[in-house]
Amino acid sequence: VYLSKRFAESAASQTSTFSTAAEALIAQNGAFNPVYETLFAAGVLVISIVMLRGGFYRVVAWLGIAAAAAVVVAMALFPLIGLAYLFWWVVMTAWLLAAAWMLYRWGR
C-alpha cells in the first residue's frame, strides 16, 4: 500500500523506481525457500516423537513422522519435480487434522 501510494504521487521520472521496488517485494515473497519447510518438518518430527510416548494414537504419531519424511523427500526432489513437491502437504494436512481431532476429543 505504501509503495502504491508513493507510485501514484510520484513524478514520471520516479515511477520506475517504485515499480522496481514493488517487483522486488513480490519476487521475495514468492521465492522458494526450503529452510521454512525443513524447519516446519523438524517441528512436526519432534512433536510426533513426543506423541509416541504420550496418550495419542500411535497412528497419528507415525503419520506425523511420515509427514516430516515427506518434506525431506520433497525438498530433495524439488529440482526434478518442481511444484509437484507440494505433495507433502497432503500428508501434512492429514496429520494436522488427525492431531486436531485428538486434541478436540481430549477437550471434551
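Every read-out reported here was derived from the displayed coordinates using simple, explicitly stated rules and does not represent laboratory data. This one's a predicted model, so the numbers in the text were calculated from it and none came from an experiment. Note: ideal-geometry Cβ built from the backbone for every residue, glycine included; neighbour counts use all protein chains shown.
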Counting only other residues whose beta carbon sits under 14 Å from that of Gly64, what net charge do I get with K and R as +1, D and E as -1? +2
Show me, for the stretch 71-78, the HN-Hα J-couplings you get by feeding each phi into the Karplus relation (A = 6.51, B = -1.76, C = 1.60, θ = phi - 60°), rounded to Hz, glycine and proline as x. 5, 4, 5, 5, 5, 5, 8, 3
Sorted peptide list for 82-88, 49-55, 64-70, 92-98, criterion being average Cβ within 10 angstrom, highest first: 64-70, 92-98, 82-88, 49-55
Derived scalar couplings ³J(HN,Hα) [the stretch 92-108; Karplus, 6.51 cos²θ - 1.76 cosθ + 1.60; whole Hz; x for Gly, Pro]: 5, 5, 4, 5, 4, 5, 5, 5, 5, 5, 4, 5, 4, 5, 5, x, 7
Assuming R0 = 22 Å, can you tell me the calculated FRET efficiency for the pair Leu103 and Val35, based on Cβ-Cβ distance, to the nearest 0.05? 0.20
Can you compute the equivalent ellipsoid semi-axes for the stretch 38-108, i.e. the square root of 5 times each eigenvalue of the Cα gyration tensor, sorted largest first and rounded to whole Å? 25, 12, 8
